[in-house]
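What follows is a single structure, written as C-alpha cells, with notes after it.
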Amino acid sequence: MLTDVVRETTGLLDRRFLLNALLPTLITLGLLGTVVAGTLTDPATALRAWNALDGTIKVLAGTGVVVVAVLIAAIVSGAAQTITRCYEGLWPGRLGHILLLPGRHRHRRRARRLGFERGAADYPVDPADVLPTRLGNILRAAESYPADRYGADAVLTWPRLFPLLPDKLTASLASARAELEFQVMISAHAAFFAVAAGGWLAVTGGPPWLFLTCYWSAAALAWATYRGALAPARLYGDQVRVAFDLYRHELLDRLGMDGDEQWARLNQFWHRNIPLGTPLLPKSDDRPAVKALPSVSLSVLAWFLLIGSGLLVVWLR
C-alpha cells in the first residue's frame, strides 16, 4: 500500500515537472533557436546541412539539447515560487515597492468601490494588505481569511493543518495549485521569449514583421495566460478557506486546546516562542498609513510600453 502511494506521488510530481517546467522550456528554446538560426543562415541551407550530418552526431546533438533543457527546466521549477511571487506583485527591495505603488493604489480604490460583499474573494479586508496585481490580491485574500474570521495566522497554521486534511481536499488543493503554476510558468516563458527574441531581432536587424510578430504575439500570450491563472487562483483560495472552516478545530483538538480564542495564543507561541500560559501581548500596528497616490493600471501600462517600444524599434531602424 505504501509503495503504491509513493509511486503515485512520484508520478504526480513527474507530470507536474513535465507540464510546468520541461515542456514550456523545450518549446521556448526551440522557438528561440529557430529565430536565431533563421537570422544567421538560410533555413533551407540549415536544413540541408542538418540532413547531411551523420546519424550519431544527430543523436548526440539531440541528446545534448534535451539535457540542457532538463537542467534549465530544473532551475525554472525551483524558481516557480519566486516567479509566482513576482506575478503577485511582491517585488523585492525598495525600488520594487516604489514601482508598484500606483498599481497598489488602483486596486485599493477598486476594492473600496466593490465593497467587502462583492470583493471578498478578490481582495483582503485590510486596505494595507492590498497588492498591485489581481493575482496577488486573490491569493492574499485567501491568506488573510483565517485571521479575519478566526484569528488564526495562515502562514503559521497552514503547515500544521495541511497534514490533517482529507485526501480529497488535498488533491483539490494540489490540482488548483498545479493549474495556477502552469499558467504562470507559460506566461513567464512567453514573456522571456518576447524579450529574448525581440531583442535578438532588434540587434541583428531582422525583418520588422518578424520582430513585431515575435514581440507582440509572445507578449499577448503572456498576458492571456496570466489572466488564465486568476480562475485557478480563486479555486485554490476557496479550498484554503474550506480547509480552515471545516478542519481548524481538528488541529486544536490535536493540540489539546478548544475554542477559536486560542489562536491568538498559538500565533504568539509559534511566532515568538512565547509560552502558551503567558498573557497575550498588546497588538501593535506599526504599518504606515495608506496614502492617496496616482492610480495606474499595470496591464494598461504594460500594453502601452509593449506597443510603443515595438513601434519605436521599427521606426529607429
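The values are calculated or read from the model by the stated rules, or taken from the named source; none is laboratory data. Worth saying up front: this structure is predicted, and the values here are computed from it rather than measured. All Cβ positions, even for glycine, are placed from backbone atoms using ideal geometry, and neighbour counts span all protein chains on display. Surface areas here come from the heavy atoms of the whole protein model, side chains and all, with no ligands, DNA or RNA. Shrake-Rupley method; radii C 1.70, N 1.55, O 1.52, S 1.80 Å.
A few points about this structure:
- Set L60, L90: member being without any contact (Cβ under 8 Å) to a residue 24 or more places away in the chain, surrounded by 10 or more Cβ atoms within 10 Å (Cβ to Cβ) and not small (G, A, S): L60
- Taken as a whole, the condition of being touching a residue at least 24 places away in the same chain (Cβ under 8 Å) and either of a type in the set (A, V, I, L, M, F, W, C) or in contact with a helix residue (DSSP H, G or I) (Cβ under 6 Å, 6 or more places away or on another chain) (or both) applies to W223.
- Whichever residue in region 1-45 is at pLDDT 80 or above and hydroxyl-bearing (S, T, Y) and, among such residues, is surrounded by the fewest Cβ atoms within 10 Å (Cβ to Cβ): T34
- Residue among R48, R85, R110, R104 that alone is open to solvent by 60 Å² or more (accessible area, probe 1.4 Å), under 30 Å from S217 (Cα atoms) and at pLDDT 80 or above: R85
- Qualifying residue in region 115-122 (condition: over 26 Å from D245 (Cβ atoms) and either β-branched (V, I, T) or open to solvent by less than 60 Å² (accessible area, probe 1.4 Å) (or both)): no
- Failed condition for A202, given (1) of a type in the set (A, V, I, L, M, F, W, C); (2) under 30 Å from A37 (Cβ atoms); (3) open to solvent by 30 Å² or more (accessible area, probe 1.4 Å); (4) under 18 Å from the mean Cα position of the chain (by Cα): (4)
- Within region 248-260, residues that are under 11 Å from A152 (Cβ atoms) and without any contact (Cβ under 8 Å) to a residue 12 or more places away in the chain have Cβ atoms under 7 Å from residues that are in a loop (DSSP other than H, G, I, E, B) and open to solvent by 40 Å² or more (accessible area, probe 1.4 Å) in these pairs: L252/D258, counting only partners at least 6 apart in sequence or on another chain.
- Helices (runs of 4 or more DSSP H) contained entirely in region 202-317, each with at least 3 residues that are at pLDDT below 90 and farther than 30 Å from S175 by Cα: 208-228, 263-272, 298-316
- Near pairs, Cβ below 8 angstrom, 6+ apart or cross-chain, from region 156-182 (touching a residue at least 60 places away in the same chain (Cβ under 8 Å) and open to solvent by 50 Å² or more (accessible area, probe 1.4 Å)) to any residue that is in a helix (DSSP H, G or I) and small (G, A, S): F162/A243
- For region 143-155, residues that are outside any helix (DSSP H, G or I) and open to solvent by 10 Å² or more (accessible area, probe 1.4 Å) total 2.
- Tallying residues that are small (G, A, S), exposed (fewer than 15 other Cβ atoms within 10 Å of the Cβ) and farther than 30 Å from A190 by Cβ within region 211-261 yields 2.
Condition check ((1) at pLDDT below 90; (2) at negative phi; (3) not in a helix (DSSP H, G or I)) across all residues:
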residue: R118; (1), (2), (3): yes, yes, no
residue: L131; (1), (2), (3): yes, yes, yes
residue: A141; (1), (2), (3): no, yes, no
residue: R160; (1), (2), (3): no, yes, no
